[in-house]
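To start, the structure itself, in structure tokens.
Taken together, the values in this text are just the output of simple stated rules run on the coordinates, not laboratory data. What you see is a predicted model, and the numbers here were worked out from it, not measured in a lab. Here the Cβ is made from the backbone with ideal geometry for all residues, glycine too, and neighbour counts use every protein chain on show.
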Amino acid sequence: MNSFNHYAYGAIGEWMYRYLAGVDMDMEENEPAYKKILIQPHFAAGRLQSAAATLESPYGMIESSWEESSGERRVQVKIPVNTAARIILPGATLAGLTEGPVHVQQADGIISAVEADEGVTLTAGSGNYSFCYTFGE
């Protein structure tokens, strides 16, 4: 094979940014592509300690990265101007979730924060976010 433009390479890349890093369109909204973004990283249960992805959307660069060590997860997110995101953080609780130096519910740009059995779901406007929380395996 002389070509690296093969479906299998694209499928792996798509899995890495959509599943592992968690960058996708929010299909719950009836909006143009990437006007409403879904960030839902899937952690690798000890097999990987970090992942990162960027995606150039029609509105600008979307970024999602995470790392975990010693029972703590750090998730970095960049949401472009004139967009919003639904951010799902598996294993997080509202009590233990911070954005930068403040509790997530007092953070600038966070519109809503809801805790469920699987974690915390946030609605956020455009901006750069740095989430941190502890988790149990």
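Calculate the FRET efficiency for residue 69 and residue 31 from the Cβ-Cβ distance with a Förster distance of 41 Å, rounded to the nearest 0.05.
Calculated value: 0.70.
Could you tell me which of rounded, prolate or oblate describes the chain, using a ≥ b ≥ c as the square roots of the eigenvalues of the alpha-carbon gyration tensor, with rounded for a/c under 1.5 and, failing that, prolate when a/b is larger than b/c and oblate otherwise?
oblate
Taking the chain as a Gaussian network, Cα atoms linked when under 10 Å apart, which of 51, 85, 116 shows the biggest mean-square fluctuation?
Top of the fluctuation ranking is 116.
Out of segment 43-137, which trypsin sites (Lys or Arg not before Pro) are coil in DSSP terms and have no more than 11 other C-beta atoms within 10 Å?
Sparse-neighbourhood loop trypsin sites (Lys or Arg not before Pro): 47.
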